[in-house]
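Below: the structure, in structure tokens.
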């Protein structure tokens, strides 16, 4: 599928980026029914024309996401192209039976490809980007009188000598003394250090739309079964569970014992019996 899609001339944002962006805006947005039909044709019949239509209809969405990464100083055309690769991967893996729209499913793949491209092509810390920073970069090492961190007085003296702000001196001091960290945690690192590796913060694996829909359906079904199970109890048992577990201000065993004129132990027994009945009804 990828080769067939990549041969489409206008799909590649080349020199005329504006024309490409305008072109993506002219592609009709698919309705839910059209998207489901095309998704099924691709999923069950490996219909490449269906894949092409699904990709084409979502190119504008890739442009929208790519624009949000403009601040990294990389060409927008390259960001879009990488996002298109992610879109094609998402379409290839799209399962219409999950009940999720392509746009919701594809956002993970689009961002993952763009993130990977940025990490390959951009330095996380740019040492000298302003006139003051460039001056400090070339002169700070020789201006320092010792290898330790600058004191407040030393930083002010350096700032006066170079004609820059004290905050610029302190910022460059931190940049020059910082060490590089691996994107992926080295195998020899302990678990605590490995947990802070940048690789674990780039992609949120819990944001899979298909998994979210599945979790919401499961939670909704459980809530309905719980409500039905509680409703099957007698009025006294329902009240005990409500007061002991569901109310914001929960009642004690002794408070309920006084209201019903029984012992606290009897209330505990009624509560346990009600919980067992609810649990049995939920598992049925």
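Residues in the range 237-256 that are within 11 Å of residue 267 (Cα to Cα) and exposed (fewer than 13 other Cβ atoms within 10 Å of the Cβ): 252, 254.
Counting only helices (runs of 4 or more DSSP H) that fall entirely inside the range 33-125 and contain at least 1 residues that are in contact with a helix residue (DSSP H, G or I) (Cβ under 6 Å, 6 or more places away or on another chain) and touching a residue at least 60 places away in the same chain (Cβ under 8 Å), the qualifying elements are 76-93, 102-121. Close contacts from the range 16-31, counting a first residue that is surrounded by 10 or more Cβ atoms within 10 Å (Cβ to Cβ) and a second that is in a loop (DSSP other than H, G, I, E, B) and modelled with pLDDT under 85, with Cβ to Cβ under 6 Å and a gap of 6+ residues or different chains, come to 20/13.
Listed here are the residues, each with its yes/no results for (1) in the same structural domain as residue 109 (by TED's automatic domain parsing); (2) under 30 Å from residue 284 (Cα atoms); (3) at pLDDT 80 or above.
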residue	(1), (2), (3)
158	no, no, yes
173	no, no, no
178	no, no, no
187	no, no, no
193	no, no, no
238	no, yes, yes
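How many residues, within the range 234-284, are under 20 Å from residue 222 (Cβ atoms) and not in a helix (DSSP H, G or I)? So the answer is 1.
The values are calculated or read from the model by the stated rules, or taken from the named source; none is laboratory data. Note that the structure is a prediction, hence the values are computed from the model and not measured. A quick note on method: Cβ atoms are made from the backbone with ideal geometry, for glycine too, and the neighbour counts reach across all protein chains shown.
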